[in-house]
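Structure record follows, encoded as C-alpha cells.
The values are calculated or read from the model by the stated rules, or taken from the named source; none is laboratory data. Model, not experiment: these values are computed from the prediction. All Cβ positions, even for glycine, are placed from backbone atoms using ideal geometry, and neighbour counts span all protein chains on display.
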Amino acid sequence: MAHLKAISPYSCSNLAPYGQKKEQLMHHQFWKAKPVSFKEFGTTRSAGVKKPQGHAIIRAALRSDMEKVISESKKGSGLHGKLEKVVLAYSGGLDTSVIVPWLRENYGCDVVCFTADVGQGIKELEGLEEKAKASGASQLVVKDLKEEFVRDYIFPCLRAGAIYERKYLLGTSMARPVIAKVMVDVAKEVGADAVSHGCTGKGNDQVRFELTFFALNPKLQVVAPWREWDITGREDAIEYAKKHNVPVPATKKSIYSRDRNLLHLSHEGDILEDPANEPKKDMYMMSSDPEDAPDQAEYIEIGIEAGLPVSVNGKKLSPASLLTELNDIGGKHGIGRVDMVENRLVGMKSRGVYETPGGTILFIAARELESLTLDRETIQVKDSLALKYAELVYAGRWFDPLRESMDAFMEKITETTIGSVTLKLYKGSVTVTGRKSPHSLYRQDISSFESGQIYDQADAAGFIRLYGLPMRVRAMLEQGV
C-alpha cells in the first residue's frame, strides 16, 4: 500500500513578505485496483489533525497488470536515458497527453501527472482521470492552488505595481512559479528523480518552470520534450497520439493557443500571428465586447489594507473569492482587454491578446490609493523598482533573492496604504471617482486656494529662485552675462 502526502496549498517558502509557513500534511491511500481502473480515494485523518483548507485532491490511475510488467521490464532502458519516475506538469491537452507515452518510451520511467487548479475553470479539469489513464500515467495528482496563487503571487505583484512593457499584468508569468513550486513538493513526496513540462523551445514558460526547479531543488533532472523529440508541430503531435492510442481533443485545424487562470485569459496563434489583424469578436471568453456591455455604468468600492485589496463594496472576501467576483463584474462591462506585441525573454517578439477584468480593476485601485498615501520621492522610487520587479517575474526569477528583497521594500513602503477607492465601470473603461484614506497626505486646508495659514504663497518666490538657479546660471554662461 503506497502512501502520498498532500502538501497544503497555503505553504509557500521563500516569500519575504509572508514568511515561511509550516506545511500541513495529509495522507491519501492508494489501493491496487482492478485492471485498467481509475478511482478517486477518500482522505484518512488522524485524531486531532486539522484538515487544511484547499487541500489537494489526489487520484491514482493504475495501468493493467500486463502494462505494469512491461513498464518494469523497460524501466531504466529508455531510448534517451535512464529515469525512475517523472512528475509531469499535465493539462490534459494535446502536448502533455502525448508527452506521457513519450516519456515512458524514451526514458523507461513511471509518469506521475500533476495538475494545478489555478482557476482555469472546472471544464479544464473534467475528464483528466480518463485522459491520464489512457495516456499511461501511473498517478494523477490534482491540487487546488487558487488561494495560494492569488495571495502569494498575484497580490505581491499588485502591491509592487508590476506591469511588463506598459500593458501586460503578468498573468501567465505569475502562475508558472506556483505550479513549479508544488511540482517540486510532489516530486519529493512520490520519490521522483525528474520533472517535465510541455513548454515549447520558443516560449518564456520553459524558463519560468526550470528556474523554479533550479531554485528549489537543483538535484531534480528536467525533461523538456519539445527540445528533444522529432515532433515539430501540432499535426505531428496528433499523429503520434493516434499511433499510441492517446485520445486528444485537438484536430489538425489551426486553433488559438490559450492559457487561463484566475487572473487572466491569454490568446495567441491563428490570425493573431499577424499583428495587423484585428481579433475576432468570438475569440474573447472572459469579457463582453465593450460595445455590447450594459448601457448603465456600475460603481464599485475596493477596500485596501497595506497595499492589498481586502473587500468589494464593503464585503470582505478571501483573495481568490475577491478576484473571482471582480472578474465577473469587470467581465460584464468589458474591462481589461489588452492587445499587445511583447518582447519575449528568448529574444523574439510575439503578439498576444489578454483578458484581465478583475486584475485591471485592482491595479487601478491600488495605484490610485497610493496617490494619497505616498509622497513624490517614494512614488518615483517605487515606480522605478516596479519596472525591474516586472522584468524579474516575466523572466521566471520569482525565487530570486533580488525579487524577494524588492518585495520586502514594497511591503514596508505600503504599510500606510489603507483606505478605499471608488470606481466607475462603463463599456470597457475604468474611471476613478473617489478615494479616501486615514493616512492621506492630502490636506485640503493646505491645497485650497482659499486659505493660506500654513502655506504662504510669498514663500514661492525664494523657492523658485533657488530651484531654477542651475538653469539661470547656464543661460548666463551661454549669453555671456
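In the set (1) surrounded by 15 or more Cβ atoms within 10 Å (Cβ to Cβ); (2) modelled with pLDDT under 90; (3) not in a helix (DSSP H, G or I), G76 fails one condition alone, (1). For beta carbons closer than 6 Å, sequence separation of 6+ or different chains, a first residue in the stretch 453-481 that is closer than 29 Å to R443 by Cα and a second that is aliphatic (A, V, I, L, M) and surrounded by 10 or more Cβ atoms within 10 Å (Cβ to Cβ), the qualifying pairs are I454/I446; Y455/I446. Scanning the stretch 429-443 for residues being buried (at least 19 other Cβ atoms within 10 Å of the Cβ) and under 18 Å from G359 (Cα atoms) gives a total of 1. None of G359, G352 is closer than 23 Å to R435 by Cβ, of a type outside the set (A, V, I, L, M, F, W, C) and surrounded by 15 or more Cβ atoms within 10 Å (Cβ to Cβ) except G359.
Scanning the stretch 205-215 for residues that are buried (at least 20 other Cβ atoms within 10 Å of the Cβ) and either under 14 Å from the mean Cα position of the chain (by Cα) or in contact (Cβ under 8 Å) with a residue 24 or more places away in the chain (or both) yields D205, R208, F209, T212, F213. Somewhere in the stretch 372-389, is a residue under 21 Å from T433 (Cβ atoms) and either surrounded by fewer than 16 Cβ atoms within 10 Å (Cβ to Cβ) or at pLDDT below 95 (or both)? Looking for residues that are under 21 Å from T433 (Cβ atoms) and either surrounded by fewer than 16 Cβ atoms within 10 Å (Cβ to Cβ) or at pLDDT below 95 (or both), one finds none in the stretch 372-389, hence no.
For every residue, the table says whether it meets (1) closer than 30 Å to A395 by Cβ; (2) buried (at least 17 other Cβ atoms within 10 Å of the Cβ).
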residue	(1), (2)
K280	no, no
Y284	yes, yes
I304	yes, yes
G336	yes, yes
V346	yes, no
E370	yes, yes
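Filtering the stretch 367-425 to residues that are under 22 Å from S440 (Cα atoms) and assigned to a strand (DSSP E or B) leaves G419, S420, V421, T422, L423, K424. Test E189 against the criterion of being surrounded by fewer than 24 Cβ atoms within 10 Å (Cβ to Cβ) and in contact (Cβ under 8 Å) with a residue 40 or more places away in the chain, and give yes or no. It is true that E189 is surrounded by fewer than 24 Cβ atoms within 10 Å (Cβ to Cβ) and in contact (Cβ under 8 Å) with a residue 40 or more places away in the chain.
Can you name every residue in the stretch 429-452 that is farther than 30 Å from V338 by Cβ and in contact (Cβ under 8 Å) with a residue 60 or more places away in the chain? Walk me through how you get there before you give the answer.
Step one: list which residues in the stretch 429-452 are farther than 30 Å from V338 by Cβ, which gives 438-452.
Matches in the stretch 429-452: H439, S440, L441, Y442.
Condition test on A180, is it surrounded by 21 or more Cβ atoms within 10 Å (Cβ to Cβ), of a type outside the set (S, T, Y) and part of a loop (DSSP other than H, G, I, E, B)? Judged against the criteria, A180 is not a match. When the residues of the stretch 141-177 are filtered to those that are of a type in the set (K, R) and either part of a helix (DSSP H, G or I) or on the phi > 0 side of the Ramachandran plot (or both), the one that is surrounded by the fewest Cβ atoms within 10 Å (Cβ to Cβ) is R166.
Taken together, the residues in the stretch 437-453 that are of a type in the set (S, T, N, Q) and at pLDDT 90 or above amount to 2. As for the stretch 386-404, it holds at least one residue that is closer than 30 Å to G334 by Cβ, acidic (D, E) and not assigned by TED's automatic domain parsing to the domain that holds S287.
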